[in-house]
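First comes the structure, then the notes that go with it.
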Amino acid sequence: AQKITQTQPGMFVQEKEAVTLDCTYDTSDPSYGLFWYKQPSSGEMIFLIYQGSYDQQNATEGRYSLNFQKARKSANLVISASQLGDSAMYFCAMRDLTTDSWGKLQFGAGTQVVVTP
Amino acid sequence: NAGVTQTPKFQVLKTGQSMTLQCAQDMNHNSMYWYRQDPGMGLRLIYYSASEGTTDKGEVPNGYNVSRLNKREFSLRLESAAPSQTSVYFCASSEALAGEEDTQYFGPGTRLTVL
């Protein structure tokens, strides 16, 4: 069963504007972690930000922040002041500790972001 | 610190040929992983090694074997390559922290084409 859903296949954003990438997840485990990765056209996977299920505050990392709404099971990534170098594919991933998926990262299908001048 | 390295970067095989993808990490991580990435999909876990001396199947293990050679190295073998194994392969490693916060760091990937 699909556990991570990213409903936006692609989006355009103008330079210096903010963009929100949606991610919803499904798990029965009360303890889980949510991760966002960036994959530029060069292909590597770059870790951006982490949010734990018990964290009281939304995670932030420079221009990246996570809008975590636990009751809605959503973990949206917000990129502020977009730059041309932010053009990439972005993946949401989850790690939970349920028996059949212990420790493994499960990825969404990704959202392609194109930043325009 | 090179992080996670993978060789080769590119490979073309004919159906039925075999090959081994190599992965090494210099972060003293306990856990290592192999994923494949196909167009329009996220990464899918093939095999993982939670710690040195152990390996387990992931979501899509058929057609692959792995070896955790030592703490640093984790290889993926295709015994008889098939066109369905055309993909980009990523190796990753993590500290194996207890609990849910255990960030995985990825290598640059190997682009494999099977004709």
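All of the numbers you see were taken from the coordinates with simple rules; none came from a lab. Model, not experiment: these values are computed from the prediction. With ideal geometry, Cβ positions are generated from the backbone for all residues, glycine too; neighbour counts draw on all protein chains shown.
For the reader, a short list of remarks on this structure follows.
- Mean Cα-pair separation over length for chain A, i.e. relative contact order, pairs under 8 Å, 6 or more apart, %: 37
- Hz values of 3J(HN,Hα) by residue in the stretch A:64-79 - Karplus curve (6.51, -1.76, 1.60), Gly and Pro given as x: 9, 9, 10, 8, 9, 10, 4, 5, 8, 6, 10, 9, 7, 8, 10, 10
- Relative contact order of chain B, taken over Cα pairs closer than 8 Å and 6 or more residues apart, is 35 percent.
- The GNM of chain A, with springs linking C-alpha atoms under 10 angstrom apart, assigns the highest mean-square fluctuation among A:ASN76, A:ASN67, A:ASN58 to A:ASN58.
- Model label points for A:TYR54 and B:GLN22, set 7 angstrom from Cα along the Cα-to-Cβ axis, are 4.2 nm apart.
- Candidate aspartates and glutamates - alpha carbon under 16 Å from B:LYS71, same-chain residues fewer than 8 apart omitted: B:ASP26, B:GLU52, B:ASP56, B:GLU95
- The aspartates and glutamates within cross-link reach of B:LYS14, meaning a Cα-to-Cα straight distance under 20 Å and a gap of 8 or more places when in the same chain, are B:ASP38, B:GLU79.
- Long-range HN-HN contacts of B:VAL66 with modeled amide H, under 5 Å: B:ARG77
- Förster-model FRET efficiency, 30 Å R0, B:GLU79 and B:ASN1, C-beta, rounded to 0.05: 0.35
- Computed extension gain for A:SER42 through A:GLN8, at 0.36 nm per residue and net of the alpha carbon distance, reaches 10.1 nm.
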